[in-house]
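Undergrad: For reference, the structure I am asking about is given below.
The values are calculated or read from the model by the stated rules, or taken from the named source; none is laboratory data. Computed from a prediction, not measured in an experiment: that's the story for all the values here. Please note: Cβ atoms are built from the backbone with ideal geometry, for glycine as well, and neighbour counts cover all protein chains shown. In case anyone asks, the SASA skips ligands and DNA or RNA and just uses the protein heavy atoms, side chains included. Shrake-Rupley method; radii C 1.70, N 1.55, O 1.52, S 1.80 Å.
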Amino acid sequence: AGKLYQHAPTETSQATLASVSPVFAVMKFDKEGNTTYFEKKKTELYQELGLQARDLRFQHVMSIATRNNRIIMRMEFLKAVITPEFLLILDYRNLSLEHWLLNELASQLAGEGQLVTYSLPFEFRAIEAILQYWISKLQGRLNTLQPQILETLEALVDPKLLSVDRSKLHILLQNGKSLSELETDVKVFKETILEILDEEEVVEELCLSKWTDPKVLEESTSGIDHAEEMELLLENYYRQAEDLLNEARELRVLIDDSESIIFINLDSHRNVMMRLNLQLTMGTFSVSLFGLIGVAFGMNLESSLEEDPRIFWLVTGIMFLGSGLIWRRLLSFLGRHLDPPLPPHVPAVLKKSQPAAGRVEIKTSLKGEAFGLSRSTLTNQ
């Protein structure tokens, strides 16, 4: 009775865990490209494949691993298990992913696509098809972003514009964020492939048929090294990812340069407005200074000058003339302090000769751009 009491909670817990186990919607492809659909619980699936529970713990990460003569590929939302006989796509119910699965993947595995590994074992075709899909998806994202970014930058860098369209800046900000996400995804893809290329044993383990098919094993011993074929396949997509990342970096540099140009244009317009404001302020100061004369004559004080009809024109002329002279003087002072001075003229070669037995010839050449220092050669004859 005690033993039965001890086993009862264990059986109950196992039944509870089995009931809450996630159910995978699986699409299965065989070597001929035939497709079947089924649903299976996670516990049943990993037991059937000879894997462990953590092998089917698919997060939105990117990795390629081998276990028990199975290849487990995690490409964010794309989750696949490859065996020497078939390919399993888990949780395929995604509109873009389902379109690729139904229209392209089956024909590629059957040899009707553009895969270069059709003559190699099945796992080569499956790996190449998945890598090709992922790199084409990244390339499509870049092809979508590039014209939008170029169009926005062309509208923002126009020197005729005195102000910047905020809607364009918002679009550029969103595209910049998308470009950063794309760069991150491409880097992760590159690092995932590079980790495999750095481990020779992992490359060997990816050749599943080499350990199960006697024909493939015989080909490997006769000189056809499938591990080298797998390495070349991974290097090919590594180079494609590198080229894609270079294009994204060039676009990023273009955005940074354009932002610098935009800031320069804005600073230029801001400086023009500040200089105009300063000139108007100096003009107001000049008029106000000589306007004190008119204020003095406008007071209700009697003098002998108001009886002369020429005093009005004389005082008015002095006010305008004095204001104009002071304004011009202030403008010249402003120009001397704001305009950059001309660089001093430095001779390229300076020669000095002295007659007598100890004639000294000094040659100075400017090496400026590289070191910023002058180099002297002293020769005694």
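Undergrad: Carbon-plus-sulfur fraction of the accessible area of region 21-114, 1.4 Å probe, in percent?
TA: Whole-percent figure for carbon plus sulfur exposure: 44.
Undergrad: Any idea what the relative contact order of region 21-114 is, in percent, if you count C-alpha pairs under 8 Å spaced at least 6 apart? List each step's numbers first, then the result.
TA: Values: 148 pairs, mean separation 27.3, N = 94.
Relative contact order for region 21-114 comes out at 29 percent.
Undergrad: Using θ = phi - 60° and the Karplus relation 6.51 cos²θ - 1.76 cosθ + 1.60, list the HN-Hα couplings for region 37-52 in order, rounded to whole Hz, with x at every Gly or Pro.
TA: After applying 6.51 cos²θ - 1.76 cosθ + 1.60, I find 10, 6, 10, 8, 5, 4, 4, 6, 5, 5, 5, 5, 7, x, 10, 10 Hz.
Undergrad: Further question on the same structure: Just the number please: accessible area per residue for region 21-114, 1.4 Å probe, all protein chains included, in Å². If you can, show how the numbers build up before the last one.
TA: Numbers: 4530 Å² over 94 residues.
Heavy-atom accessible area per residue stands at 48 Å².
Undergrad: Ignoring ligands, DNA and RNA, what accessible area per residue does region 227-306 give at 1.4 Å, in Å²? Present the calculation step by step, with values, prior to reporting the outcome.
TA: Values: 5430 Å² over 80 residues.
For region 227-306, the solvent-accessible area averages 68 Å² per residue.
Undergrad: Quick one: of 28/79; 79/137; 79/190; 42/190, which pairs are farther than 24 Å apart, Cα to Cα? Please list the in-between numbers first.
TA: Details: 28/79 12 Å; 79/137 15 Å; 79/190 18 Å; 42/190 30 Å.
From the list (28/79; 79/137; 79/190; 42/190), the Cα-Cα distance tops 24 Å for 42/190.
Undergrad: Calculate the tail of P(r) for region 21-114: the fraction of all Cα-Cα distances greater than 22 Å, expressed in %. Show your work: numbers first, answer last.
TA: Values: 1035 of 4371 pairs.
That fraction is 24 percent.
Undergrad: Please go through region 20-104 and write out the GluC sites (Glu not before Pro) that DSSP classes as loop and that have at most 11 other C-beta atoms within 10 Å.
TA: Working: sites: 32, 39, 44, 48, 76, 85, 98, 104; in loops: 32, 76, 85.
For GluC sites (Glu not before Pro) across region 20-104 that sit outside H, G, I, E and B with at most 11 neighbouring Cβ atoms in 10 Å, the list reads 32.
Undergrad: Would you please put 320-330, 115-125 in order of how densely packed they are, using the mean number of other Cβ atoms within 10 angstrom per residue and starting with the highest? Working shown, then result.
TA: Details: 320-330: 14.6, 115-125: 19.6.
Those peptides, ordered most packed to least, come out 115-125, 320-330.
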